[in-house]
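Student: Just passing along the structure, written as structure tokens.
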């Protein structure tokens, strides 16, 4: 193909020679001959310069473009191609290559963006590493689960990032059996229970092992729920067994002749009645707690006037308070405030807190209900001047069946579920509950709601 350029350059020189020859043939003096030679040289030089520039300029442009492509820069404009045929064909080839390269890079970027978006949306941790156990890919979920703060992890050995002997032994087993199917391991690291699955990465054609992918599932919450369920079953069994054993024991005593003794009979029947009532309350509280936990779509709500409902609840609890010589006080500062909530659950929440205050306040004490309406919050406080709660026991106060004083609680007929029910009701209303207490001085339960959560229609 370069012969074409050679012929063109030869043609230019021939034109210059012909020009000299014409002047030479027609001239009669040396001056005209020199002038003809000079003119031929100038014409030949001018045409040669133009021709060479038509070669050099496109080559310089091609060099610049290829340098940009080599540096990873996008190439968005086409080469002009105003040159000799060979350079023009090279320009067209580079244009075609650059456009295809651009399409390929954009396609790869699009795939990478989609892959990154998919990995970010996966709740499980995903780590891919090669046969040398060096990280090829890691998603944000894996970093969060494994408490990894570093950013540049690609190319690092996985045990530099996760230092765990069980995990190392697991990798060694995988390396020894490269063709194994998906394996799993349960680890207890970083105060978390993790289920780890791994599977080899195989080449789609040659089936060569390229590495392994690690999938990490955080099962801490599941283990926690299993533990709660196990403890709940054990506690329920114990709580049910205690009154039932007591009832059966006194029934047997009555059968064995105590029924003939009026004083003993009445005493035993009163105990049986008390234990039966406690058993009924326990079953009702278990059913209530189960219902609150299992309702996913929320309770039906209605408009209620906050202060009116609290006054009605205080009226209901008046007799219980008087029987123990407890004064019920109120300080209501939410005048005419109407909220949207489930009336029955609201009543249950307040009754449990007030009843709890009455139970653990000595005779002559008080239980006070206070409401405060702020700009964007509603606060309800239930305060007593009772026996108080030790600070170290406050964090466990809302656990099911947890009692600060077990013997006193059972004697008062408590089931150990009242405050757990309160917390679940508060959370179902999107609120928060806090406890302030000092032994010998009393306890205050503080419930806070966002006004927008209770007043929106």
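The values are calculated or read from the model by the stated rules, or taken from the named source; none is laboratory data. Quick caveat, the model's predicted, so the values are computed rather than measured. In this analysis, Cβ positions are derived from the backbone assuming ideal geometry, glycine residues included, and neighbour counts consider all displayed protein chains.
Student: Inspect the stretch 294-310 for any residue being assigned to a helix (DSSP H, G or I), closer than 30 Å to residue 238 by Cβ and at pLDDT below 85 and give the result as yes or no. Can you show your working first?
Tutor: Step one: filter the stretch 294-310 for residues assigned to a helix (DSSP H, G or I), giving 294, 306-310.
After this cut, where a residue has to be closer than 30 Å to residue 238 by Cβ as well, the list is 294.
With the extra rule that they be at pLDDT below 85, the set shrinks to 294.
Looking for residues that are assigned to a helix (DSSP H, G or I), closer than 30 Å to residue 238 by Cβ and at pLDDT below 85, one finds at least one in the stretch 294-310, hence yes.
Student: Please work out which one of (1) within 45 Å of the chain's Cα centre (by Cα); (2) in the same structural domain as residue 450 (by TED's automatic domain parsing); (3) assigned to a helix (DSSP H, G or I) is the condition residue 285 fails and give its number.
Tutor: The one condition residue 285 does not meet is (2).
Student: I've got another one for you. Within the stretch 431-442, identify whether any single residue is within 25 Å of residue 373 (Cβ to Cβ), touching a strand residue (DSSP E or B) at 6+ places or on another chain (Cβ under 9 Å), in a loop (DSSP other than H, G, I, E, B) and modelled with pLDDT of 85 or more, and answer yes or no.
Tutor: Checked against the condition, which is being within 25 Å of residue 373 (Cβ to Cβ), touching a strand residue (DSSP E or B) at 6+ places or on another chain (Cβ under 9 Å), in a loop (DSSP other than H, G, I, E, B) and modelled with pLDDT of 85 or more, the stretch 431-442 yields at least one hit.
Student: If you go through the stretch 261-278 one residue at a time, do you hit one that is free of Cβ contacts under 8 Å to residues at least 24 places away in the same chain, loosely packed, with under 14 Cβ neighbours inside 10 Å and within 28 Å of residue 422 (Cα to Cα)?
Tutor: Let us first name the residues in the stretch 261-278 that are free of Cβ contacts under 8 Å to residues at least 24 places away in the same chain, namely 261-270, 273.
Checking the rest, the ones that are also loosely packed, with under 14 Cβ neighbours inside 10 Å come to 261-263, 266-267, 270, 273.
With the extra rule that they be within 28 Å of residue 422 (Cα to Cα), the set shrinks to 273.
Checked against the condition, which is being free of Cβ contacts under 8 Å to residues at least 24 places away in the same chain, loosely packed, with under 14 Cβ neighbours inside 10 Å and within 28 Å of residue 422 (Cα to Cα), the stretch 261-278 yields at least one hit.
Student: Something else now. What number goes with the only condition from (1) under 41 Å from the mean Cα position of the chain (by Cα); (2) surrounded by 12 or more Cβ atoms within 10 Å (Cβ to Cβ); (3) at pLDDT below 90 that residue 335 does not pass?
Tutor: (2)
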